[in-house]
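Contents: one structure, followed by commentary.
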Amino acid sequence: MAAVAPSATALNSSRAGVALRASSARPSVARAARLQCRATAVPTEKSTLPPPPFQAPTNGNGNGNGKAQQQPGWPSLDETAPKGGGKKRIVVLGTGWASMSFVKAFDESMKDKYELVLLSPRNYFVYTPLLPAMCAGTVEERSIVEPVRAVLGSKGKFFEAKCTDIMPEEKTIVACFPEDAGFPEACFKIPYDYLVLGVGSINNTFNIQGVQEHTMFFKTVEDAARLRLRISECFERAALPQTTPEERKKLLSFVIVGGGPTGVEVAAELHDLITEDLVKLYPDQDLVKLYPDQIQDVSVRVIELMDHVLSMYDRAIGQYTAERFARSGINLVLNSRVKAVQDGTVTVVDKEGNESEIPFGACVWATGVAMHPVVRILQEKLPAGTQNHFRSAVTDEHLRVRGSNGTIFALGDAATIEQAKAVEKATQLFDKYAQTHPDGRLTLPELQQLMAEASQEFPHLREHATFLDGKLGMQRFGGLAFKAFQEANKDKAAIYREVGVVDPTSTLNHDQFVSLINGIDAGLRALPATAQVARQQGEFLAEAFRLADGRLDCLDELAPPFQYFHKGSMAYVGGDRAVMDVPKVGPLMGITAGLVWRGFETWSQISFRNQILVANDWARTKIFGRDTSRV
């Protein structure tokens, strides 16, 4: 499974701004709309009628996806700090890559037209690509975080609060001060003219038993700090005199689920920590015995569903990484999926259906993203049929959320740009390939060839075609293809469901094929869930607001659509080495790529202060080693 979000860097933090060019091919609009857009817009205050009283929804764990209940009305921002001068209020949710890129690119000259309000339960921005380095102590926590207020400056206001409800019809949100802060609940309403949704995504457990209870997620600075502490605890416990050899090996077994950029970087940083620092600190306890480039007692394993890691990079990069890990003693458990996680043990099923148990002292879950609860709340409030994506809000090419009448925008992991759907041409595609089959049905190889060729017109089919190998790769994307072939051959479905592979004799008829394509379209996501995409979208939207000059109802006329420019992908693989997949250049690997990666990550920090701190951390680690204190 490809890992996600904090993601190894994907050149995701390039400082190059997004250049918006006037588009020669404007979307067609009604003549009345054109006349309206050409007229001088006079800003007006929105209605100040208070919305009906209610209580912010909550589910008890702070996710904000419970049911609203009646409650005496919360105070409104307009009551305590009313807008002045006819300004339009922009409320931005989140302090991740998308939201902070928007805030940083927001031109201060626009303060005369817009009132900017930033809302998040987290009052800092974290440079997520270096979270793996932080968990190993290579860089320090404070070096990769920046206070939100330092970035926001005088551009607007910030409230440390969590959005618990969105009311699109009233153009109002409900916000509550975080419950874990130790203060009584404090909720209030914020009316908006425009809402920017940059809340990101949450971890996806795929409903696998024990993941939530026994693994460590890896999306936030708190997650990285928790893993760093756990590593120290495992080594200190293993050093006790009463610890048995069997218990010691279990404590010093570190399992990372997900062979994407995040999983690979966590494994690489962990290995560097062990071989460069911990081996010097535990010589007497026989914890770390080094043979040439191999580790005994300590083990690091990466579990990956595919047959190679970094599957979305050039294949040569995956092979190089596997060879590098093999020399370093990092074990790759490929073609395998996690069936369940128990306390201290993960159950893995390989491509042959064989089960095995891997003991661990720490297990990191670095794969899969799911819809943020705030996005789900919004989807439920918008008109039926406008939002049907399972992971994010559907937007147009200007990042406006469908069904919001142009008042809500979505960025980063919280958004997916609507594309042409392959189901509209499903019959044509089926007839082209099924006619070569005697009974007019599609085999698995034919389906794979169909999707590969159709991806020229429908790019979202390319990723599905890549993983249609007839084995565990079909379990990706919710197992859509696997379930389709199971449905096609129900007689043997139970047998092949147990081993997790496709019956080689199964074929799809027209209706089954259309149903499969429809399911793929429903999960359509135009762009990868990376910081690179989120940053470009945030910068684009800030520039679009500037070009619109207060007339966002005329955005089609005044600003070109968003166009993503992929600058490449990067990942650290240990031993000062890195891999790079750069368009028009190809794969780059080794020490030189490692130097480029290190320099890029330093230069791409959000502030000059962070650049200095990160550069200092690199130097400190090389000279004095990593700090392994349990603090």
Qualifying residue in the range 236-259 (condition: of a type in the set (D, E) and closer than 23 Å to I317 by Cα): no
Matching entry among L197, L251 (being touching a Ser or Thr at 6+ places or on another chain (Cβ under 8 Å), of a type outside the set (G, A, S) and buried (at least 23 other Cβ atoms within 10 Å of the Cβ)): L251
Residue satisfying condition, being small (G, A, S), within 30 Å of M371 (Cβ to Cβ) and at pLDDT below 90, within set G200, G182: G182
Single condition V375 does not satisfy, out of (1) crowded, with 17+ Cβ neighbours inside 10 Å; (2) modelled with pLDDT under 95: (2)
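Table: residues versus (1) more than 28 Å from D277 (Cα to Cα); (2) crowded, with 18+ Cβ neighbours inside 10 Å.
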| site | (1), (2) |
| --- | --- |
| E108 | yes, no |
| E115 | yes, yes |
| F125 | yes, yes |
| C135 | no, yes |
| P147 | yes, no |
Any hit, the range 508-527, residues being at pLDDT 90 or above, assigned to a helix (DSSP H, G or I) and under 28 Å from K219 (Cβ atoms): no
Inter-residue pairs, beta-carbon under 9 Å, first among the charged types (D, E, K, R) and in the range 215-240, second in a helix (DSSP H, G or I) and surrounded by fewer than 23 Cβ atoms within 10 Å (Cβ to Cβ), 6+ apart: R228/E141; R237/E247; R237/R248
Of all residues in the range 315-367 being hydroxyl-bearing (S, T, Y) and touching a residue at least 24 places away in the same chain (Cβ under 8 Å), the one that is surrounded by the most Cβ atoms within 10 Å (Cβ to Cβ): T321
Condition met for E543 (in contact with a helix residue (DSSP H, G or I) (Cβ under 9 Å, 6 or more places away or on another chain), assigned by TED's automatic domain parsing to the domain that holds W97 and under 30 Å from G260 (Cα atoms)): no
V582 vs. criteria modelled with pLDDT of 95 or more, among the β-branched types (V, I, T) and assigned by TED's automatic domain parsing to the domain that holds G318: no
Of all residues in the range 524-569 being more than 15 Å from H398 (Cα to Cα) and hydroxyl-bearing (S, T, Y), the one that is nearest to the chain's Cα centre (by Cα): T530
Residue within the range 121-134 that is under 23 Å from the mean Cα position of the chain (by Cα), charged (D, E, K, R) and in a loop (DSSP other than H, G, I, E, B) present: yes
Test result for L588, free of Cβ contacts under 8 Å to residues at least 40 places away in the same chain and surrounded by fewer than 18 Cβ atoms within 10 Å (Cβ to Cβ): no
Filter pass, A578 being over 30 Å from D396 (Cβ atoms), of a type in the set (G, A, S) and buried (at least 21 other Cβ atoms within 10 Å of the Cβ): yes
Scope the range 213-232; condition more than 18 Å from the chain's Cα centre (by Cα) and surrounded by fewer than 20 Cβ atoms within 10 Å (Cβ to Cβ); matching residues: E213, H214, A225, R226, L229, R230, S232
Filtered residues of the range 590-617 (kept if within 21 Å of R535 (Cβ to Cβ) and of a type in the set (D, E, K, R)): R598, E601, R609
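The values are calculated or read from the model by the stated rules, or taken from the named source; none is laboratory data. The shown structure was predicted, so the numbers you read here are calculated from the model rather than taken from an experiment. For neighbour counting, all protein chains shown are included, and Cβ atoms are generated from backbone atoms with ideal geometry for every residue, glycine included.
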